[in-house]
1. Across the range C:144-159, what is the number of residues that are of a type in the set (S, T, N, Q) and either touching a His at 6+ places or on another chain (Cβ under 8 Å) or within 7 Å of another protein chain (Cβ to nearest Cβ) (or both)?
2. When you look at A:G73, is it at pLDDT below 85 and in contact with a Phe, Trp or Tyr (Cβ under 8 Å, 6 or more places away or on another chain), yes or no?
3. Looking at C:L141, C:L130, C:L54, C:L70, which is the one that is under 30 Å from C:S15 (Cβ atoms), within 10 Å of another protein chain (Cβ to nearest Cβ) and modelled with pLDDT of 90 or more?
4. Counting just the residues of the range B:137-163 that are hydrophobic (A, V, I, L, M, F, W, C) and within 11 Å of chain C (Cβ to nearest Cβ), which one comes out farthest from B:L174 (Cα to Cα)?
5. State whether the residues of the range B:196-205 include one that is at pLDDT 95 or above and of a type in the set (D, E, K, R).
6. So, in the range B:178-209, exactly how many residues are in a strand (DSSP E or B) and buried (at least 22 other Cβ atoms within 10 Å of the Cβ)?
7. Residues C:R243, C:R215: which one is basic (K, R) and more than 14 Å from every other protein chain (Cβ to nearest Cβ)?
Amino acid sequence: MMSTHLLLPLGLHIPDGFLTVPVALAWWVLTVIAVGVAVRKVGASLNERQIPLMGVMAAFIFAAQMLNFPVLGGTSGHLLGGALAALLLGPWAAVLVMACVVALQALLFQDGGLLALGANIFNMGVATTLIGAFVGAPLLRLLGGQRWGLVLVGFATAWLSVVAAALLTSMQLVLSGLSAAVVFPAMLFVHLFIGVGEGLITVAALGFVLTTRPDLVTTMASYLNPATLQRPLNRRSILGVTGGGLMFAVGAALLSPLASGDPDGLERVAEDQGFIDRALDPFFNLLPDYTLPGLDGPISTIIAGVLGLLIVFGLVYGLTLLLRGRNQERA
Amino acid sequence: MLELVDLHYTYPDGTSALRGVSLRIDAGEKVALVGPNGAGKSTLLLHLNGVLRPRSGAVQIAAQPISDANIRQVRAQVGMVFQDPDDQLFSPTVFEDVAFGPLHMGLEEADVRGRVTLALDQVGMRGFETRMPHHMSLGQRKRVAIATVLSMTPSILALDEPSAGLDPRARRGLIELLHSLPQAMIVSTHDMRMVAEVFPRTIVLEQGQIAFDGPSATLLADAAMLLRYGLEV
Amino acid sequence: MLSSSTLDRYIAGQSPVHLLDARVKLSLTLAYILALALLPSGAWLVMGLCAAMLWVAVRWSQVGLRTILLRAFVALPFALVAVTLVFSVPGQPVFRLPLGPWVLTASDAGLVRFASIVFKSWLSVQAALLLTATTHFTQVLYALRALRLPTVLVAILSFAYRYLFVMIDEAQRMLRARECRSAETPGQHSGGSIVWRARVVGQMVGTLFVRSYERSERIYLAMLARGFTGELRTLNPRSLTQREQGILIIGLATLAGLVLMTYLA
């Protein structure tokens, strides 16, 4: 029997048994708060049209996650959808939609546990949509609604949302006593690439909707979240954008010493049938043992972390330039 | 029973869909609504229970024009069945879907259950209460879609292309069902053989206007007229 | 290509487990998973008792122990994240694993931690599977409503469940259509670049979005036509019978007792 599990990003749906009770409950509390706020925000502007719309949108995200494309060596790229949902539906509706998607996956297909559902909803539903909305939407307006701006913002927020979800997942596992030395680098590494797929699909999907039914994005925003669209970009949201990016960069860099606290940590990562060390080789060769040669201690690890991030950002930037070039050729 | 007086409707994008439609349907009368795609058939049907409101003209149900005050009674009186049963059947189970209308009418639980049973009986779908629409055939879904409005005990049914896409046996079953229902009905369709069997009266709609309104037999016997309206038997 | 009806894991039946009220089943499943999570590593006796309880319930349900056991392996790949515990938890060395230039030492405590996590996880998935296999999702929704989940969420879940399979079918038709046109020319590089492939999928996602949006508008019209005014109405849940209350209390008490036992012992 085939399961949707095989089609979804491996490692983001935490099953039961892996989180300790305090960790699982703590994230349940956060999720209940976030979803509660979303219910109130959506309910405050409740237009009865939203209910079937959000239900169908949850089904849409679920099905969209099944659309995949071959990348390399039998792996495939597909969508998580949080950032896309946020950009299309507005933050609070997207939180509800994504929460329902993740809950359905757990309840219908055992993708992710029930006790771990709070953490899973938070990672894949709350964090991703909030990044999409509170980093992506203001950034988009900052760039003046240009087409290349859309490409850049769509890609960046989608990528960021996947990496953030992976980092949160890692954090919860580490707080539950799993070895940070393994969990962080493995999760981060895999999702740096999964995030690229997410970014590309998100950009193309946004582009398609804006070309074929531009009215939908504004219509939807108008009755899902009139406030966001009409409000001019204020200093707070600019701060939000830059702050979000900065915090993320610093956070990831600071986490990296944790990641390599154990000298032979990386080698133990296991995935598929065997050890993943083969897959990790390239990263290793670039920054052996996650530290810089000739330097010792946490400082070197932090520098290595920042360098790693810069490399990734460089790659992302290059890819967006490439996309932008193609778009202009077509235009 | 139902009367449209000089109905005009323009879509928000400026497309003029209905341009002066007037017609009358009496109790128990079965009327076919034919015409090419885009002639305004679905738009016309959506006016009958107030989902769309005319730009000018009036829709009268039992001599009362549709207004905000009586819209909820009108929705119980005019049962609207959409073309795609996947749009019509939006609940996870057949029971919940057929119960949706009665629940919104504020009926008691026992009454709701009784109406669901009766409506499913009428369309021959008793025993499907807990089934999921997705796991049923198109013919079955079309029947349940009709039950979802029968449970509201309407006096008029408005059906949008009920026989489209059905295999011959399911189509035969549907024709017999339409025959057996006592309600007045207005049914949009391209299926002229069904028109010949079920509907004594036909209205041809072209570009938002009534091109023909009379006995189906007259229309079907006139090859020149059929050709002019692009209809085929 | 899998058909969406094989995705639904509900297995129809008339067993006592199928007939038990969904509220009782949902509460007991959640309590069971919570109890497992509370058990300390290495509490094998209690874990064994928990497993026995679950397997008895599976027998009663007549869905087949084999089906449940096999399907429960769905979460197994995740266990590989925990495999490192074997080597990272300090304790008595058990065996060494040479791996290139490094040698990994497995500890007894590490093995116990790892095995406990995997076993608990496996049992938790089985419990959730039993719930899904014996409880139609509409009953789960009914239970969630009775357990005071906000009506809006229940409504969204209900619509999502109704249209899930419709959307999955649409997605799969698109994938099939792409498959049919993904030809290769011998000697030519085929398949296009990754960016191009991602774009194709993105456009499929966009198409699916537009279609979903339009469908939601038609559904809304269909709801309006049947008297929808924005308020969601459902039949009131009936109260639990004494027997059901009894089953719920006995089940919860047993689980609480088992957890307490391990901490007191």
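1. 1
2. So A:G73 fails the test.
3. Testing whether each residue is under 30 Å from C:S15 (Cβ atoms), within 10 Å of another protein chain (Cβ to nearest Cβ) and modelled with pLDDT of 90 or more leaves just C:L141.
4. Checking each candidate, the answer is B:M152.
5. yes
6. Residues flagged as in a strand (DSSP E or B) and buried (at least 22 other Cβ atoms within 10 Å of the Cβ) within the range B:178-209 amount to 8.
7. C:R243
Condition check ((1) in contact with a Leu (Cβ under 6 Å, 6 or more places away or on another chain); (2) surrounded by 23 or more Cβ atoms within 10 Å (Cβ to Cβ); (3) of a type in the set (A, V, I, L, M, F, W, C)) across all residues:
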site: A:L168; (1), (2), (3): no, no, yes
site: A:A181; (1), (2), (3): no, yes, yes
site: A:M187; (1), (2), (3): no, yes, yes
site: A:L192; (1), (2), (3): no, no, yes
site: A:L200; (1), (2), (3): no, yes, yes
site: A:V203; (1), (2), (3): no, yes, yes
site: A:R213; (1), (2), (3): no, no, no
site: A:L216; (1), (2), (3): no, no, yes
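The values are calculated or read from the model by the stated rules, or taken from the named source; none is laboratory data. Just so we're clear, the structure is a prediction, and the values are computed from it rather than from any experiment. With ideal geometry, Cβ positions are generated from the backbone for all residues, glycine too; neighbour counts draw on all protein chains shown.
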